[in-house]
Each structure stands twice: as structure tokens, then as C-alpha cells.
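Report on the following structure.
The values are calculated or read from the model by the stated rules, or taken from the named source; none is laboratory data. All values derive from a computational prediction rather than experimental measurement. Positions of Cβ are backbone-derived with ideal geometry, glycine not excepted, and every protein chain shown enters the neighbour counts.
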Amino acid sequence: MYLLQNNNWQASTLLRGLLAIIFMFWLATVLLQYDEKSIAKKLKITTTQLPSNIVIEQLALPPIPKPIPKEKPQTAPVNKQQIEQVYQKLSDDAVDIQIAWPRHANTREATLEFMYQCVGVQFAVLSGNTFTKINHTKINHTKLNQSTSSDYSDWVRVAQGSLSKKEHNWLNAYALNGTPIRLFPRSIDWRLAQYLTSVLKGAPLTSFRANYQVTNRQLQLTHIHINKQQITDNWLLYKSMC
């Protein structure tokens, strides 16, 4: 009697366990199917086709514009013959030419010292038809009608105004009497003639005004007026390394 009841209890427990496993498997299957349907529904929503009235076109962008190079201003060619003609005008008494020295005494002294030491300007004294060049420790007498060295310009500057201390010392040391003059290298006046020729463009030179200025070991002309017309640029006549 007792053994029979005990066997029935074991069979009932085994049956309940089996039913529990079947139920869990069924529940898992239902949940899996629900998730698959939810995912498919979401994908269906996100992959909905666009309305047929929307047209997608490819835009053709224009090419990147290339920078236009600036054209250099055309300048009339300047030949050697034109420069020579203007160079000869510098020593023509009919042309009104004035190049001023610095007004301040110290600046004027420094400018003249630079010209004698670096530029190659020569101090001389004109007496009658003879001029005497002074070169530190020696002097040289030359007749006006004699051909001078091509190193010096044909345009002779009279030393107007106050002389520098060095020039006064030269006059006293050699006891010279006459008109003090300054001889400039030909290259300086030739450079000046080049500037003038470029501006005049064939027009005659009637008047010229400018100022000498030494800046950073460079000899320049400033405050330039040609035929009473102002030139805004400065002209570089000489650049020294001395």
C-alpha cells in the first residue's frame, strides 16, 4: 500500500516538471516571434519609399576661376641716344636746374662727407680757365679746354652756400683762391639722365628741382619737380657699401 502511493507521487512530480519545460519552451517561441515581427515592422517603416514626385538631380559645379595676372604697365623704350641728349641738357645754362643740399648744418656735413668718401665726388677750385682738383694730400691743375677724365660729369656744380669744414680746410691748407666747385662721377649724372628720360618721354627739359638726401648709405633725390610737375617717387642715384 505504501509503495504504491510512493510510486504515484514520483510519476506526478515528473509529469509536472515535463509540463513546466514544455510551457517555458512555448513561451520562449512566442516571445521570439513577437520580437521578429517588431523588428520587421520597424524596418518596413524606415524603408518606406520616397514620394514619386521628388526628383534627385546631380548638380554640375562651375570650374574654379583662375586668377587673372595683372598686366604690367607698358613703358616706352629708352635708348642710349635719348639718355645722352638729356645728359647733355644737364650742363646747358638754358635749362633751370637746382638741386638743394640739406638745410640742417650737421645733415649737410654728413651728406658731403658721404659723397667724398663713398660716392666719389671731387672738390676743386676754378680760377680763370684753370681748375685745381684737391684729393686729400695732393692737388691737380687742369685747363678748362683740356679733356677731363671720363669718370667725371660734364655738369660742374658750383659750391653755392656754406662750405663744409673739410672743404674749408682744403682751401686753407693749399691757399687756393677762386670759385669752389664739386665734380660728380659721370655715373651719377648718367643715372639722373635715365630717370629724366623715362619721365619726359621725348618732351624737352626746361626746369628741374630736387633735394639731395642720404639715407641708409644711399644717395637719393627727393621732392622732385620736372617742368613744374611734381614726382611722388624718390630717385636712387647711388648705393654704397663703404
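Out of L205, L176, I need the residue that is among the hydrophobic types (A, V, I, L, M, F, W, C), at pLDDT 95 or above, farther than 20 Å from G120 by Cβ and part of a loop (DSSP other than H, G, I, E, B). Which one?
Being among the hydrophobic types (A, V, I, L, M, F, W, C), at pLDDT 95 or above, farther than 20 Å from G120 by Cβ and part of a loop (DSSP other than H, G, I, E, B) holds for just one of L205, L176, which is L205.
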Can you tell me which residue is nearest to the chain's Cα centre (by Cα) among those in region 196-242 that are farther than 18 Å from D96 by Cα and basic (K, R)?
K239
Residue hits (region 163-183; in contact with a Leu (Cβ under 9 Å, 6 or more places away or on another chain) and of a type in the set (F, W, Y)) are W170
Among A159, A100, A110, which is at pLDDT below 90 and within 19 Å of Y212 (Cβ to Cβ)?
A159
Looking across region 113-140 at residues that are loosely packed, with under 12 Cβ neighbours inside 10 Å and assigned to a strand (DSSP E or B), the single one that is modelled with the highest pLDDT is N140
Test each condition in (1) surrounded by 14 or more Cβ atoms within 10 Å (Cβ to Cβ); (2) acidic (D, E); (3) more than 20 Å from F131 (Cα to Cα) for D233 and report the one that comes out false.
(1)
